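The values are calculated or read from the model by the stated rules, or taken from the named source; none is laboratory data. In this text, all values refer to a predicted model and were calculated from it rather than measured experimentally. Cβ sites come from the backbone with ideal geometry, for glycine too, and all protein chains shown count toward neighbours. Side chains are part of the model used for accessible areas, which takes the heavy atoms of the whole protein and leaves out ligands, DNA and RNA. Shrake-Rupley method; radii C 1.70, N 1.55, O 1.52, S 1.80 Å.
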Amino acid sequence: MYTQALNEKAPSRDANAPPEDAKMLARFQAVVDAEDKIEPNDWMPPSYRRTLQRQISQHAHSEVIGMQPEGNWLTRAPSLKRKATLLAKIQDEAGHGLYLYSAAETLGMSREEYYEQLLSGRAKYSSIFNYPTLTWADMGVIGWLVDGAAIMNQIPLCRCSYGPYARAMIRICKEESFHQRQGYEIMVTLSRGSPAQKAMAQEALNRFWWPVLMMFGPSDKESMHSADSTKWKIKRFSNDELRQKFIDATIPQGQHLGLTFPDPNLKFNDATGHWDYGEIDWSEFRRVLAGDGPCNRQRMKARQAAEANGAWVREAARAHAEKRRQRSAAAKIAAE
Ligand code: BYC
């Protein structure tokens, strides 16, 4: 599905300068403007390729690292049903990582190179996964808000101009929608439960609200990739537009739960029809991106350990594949 026709290396050109490429650039933009898809073997500006390599791999890394905060609660889920559901959700996230690495590979970089960028700390992953999961209510809040924010951001990506990414997003969004519902259902149960359960739900919401709003990225003024990504129809809405849509959709859900949001400036604006909200602490966002969030080191250490501990499995799989290759080559010669 994603790696079709990857039999040629894309020509490496500087799309911005050489006049002979101006025509190709115009043709590329016309395809994008016509809402057709750019496919792996099509010519694309190097900066479009680089943007997609960065965004898709960052997205893949987020899915994989994103398994850790929830994995923390697998052995402590309050019932067998909750455990099975959480396990299925985490496995979906591993699957999303795999579709996304496959889509990223169509851009001419190997999965190993992307892994290396993550493991060496050169690649980013979503800031939200650098926060700890302290109580069971965090599983509810992650499903409700983190997956809710992910859906808000990812539905428009189903119409992204790059074919393999857009197609991967369609399946991912279907699964994210189940994730969001399972989280909200945990929140409904807790907020209608004992006073201690309701307090736990409120406390989790208090801790996650602001970091979730940061998932949409820096404000439009600060978003350095937005202009190009919008022109190339990778992005359909700006970071601030998606953040606002998310807030507008989420406040009534929180009110239905009987919970409050930790923002004294949250107020419905009759004139705009949107919820006004307080200032996001961008210094915290920058700190987390720079590697100094509450769990950055722990997340990277766990990922690096998983990679090292799995080395023998990869080695054994390679040896097995090689043995099978040799056996089938020998059988072919014998049959001739
Ligand atoms: N965390 O110019 P900007 C999920 C980076 S959901 C870390 O606005 P862009 C999941 C940005 O990459 C989460 N880094 O960038 C859910 C750029 O970095 P460089 C994953 C961030 O690309 C539930 C710099 O800041 N979702 O996986 O136009 C369970 C400047 O930003 C963040 C995706 O990845 C952040 N929050 O817009 C399990 C969706 N925000 O150039 C898993 C796909 C910004 O310094 N990605 N940065 O390397 C996107 O839609 C866009 O890349 C973003 C940012 C909206 C995130």
Every pair of residues 6+ apart whose Cβ atoms lie under 6 Å, when the first sits in segment 38-62 and is part of a helix (DSSP H, G or I) while the second is open to solvent by 30 Å² or more (accessible area, probe 1.4 Å) and within 14 Å of the ligand (Cβ to nearest atom): Gln58/Lys124
The listed residue being free of Cβ contacts under 8 Å to residues at least 24 places away in the same chain and open to solvent by less than 60 Å² (accessible area, probe 1.4 Å), out of Ala305, Ala271, Ala290: Ala305
Only listed residue being within 20 Å of the chain's Cα centre (by Cα) and free of Cβ contacts under 8 Å to residues at least 40 places away in the same chain, chosen from Arg318, Arg297, Arg324: Arg297
Evaluation of Phe208 against (1) open to solvent by 10 Å² or more (accessible area, probe 1.4 Å); (2) under 22 Å from Phe285 (Cα atoms) (one fails), failing number: (1)
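Considering every residue within segment 232-247, establish whether at least one is within 16 Å of the ligand (Cβ to nearest atom), among the basic types (Lys, Arg) and open to solvent by less than 40 Å² (accessible area, probe 1.4 Å).
Among the residues of segment 232-247, at least one is within 16 Å of the ligand (Cβ to nearest atom), among the basic types (Lys, Arg) and open to solvent by less than 40 Å² (accessible area, probe 1.4 Å), which makes the answer yes.
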Segment 72-107: number of residues that are farther than 14 Å from Asp138 by Cα and aromatic (Phe, Trp, Tyr): 2
All positions within segment 179-207 that are within 12 Å of the ligand (Cβ to nearest atom) and either in contact with a Leu (Cβ under 8 Å, 6 or more places away or on another chain) or in contact (Cβ under 8 Å) with a residue 40 or more places away in the chain (or both): His179, Gln182, Gly183
Some residue of segment 295-304 being touching a helix residue (DSSP H, G or I) at 6+ places or on another chain (Cβ under 6 Å) and outside any helix (DSSP H, G or I): yes
In segment 145-201, residue nearest to Val64 (Cα to Cα) [restricted to those that are basic (Lys, Arg) and crowded, with 16+ Cβ neighbours inside 10 Å]: Arg167
Positions within segment 112-141 being within 12 Å of the ligand (Cβ to nearest atom), closer than 24 Å to Gln182 by Cα, hydrophobic (A, V, I, L, M, F, W, C) and open to solvent by 10 Å² or more (accessible area, probe 1.4 Å), in sequence order: Phe129
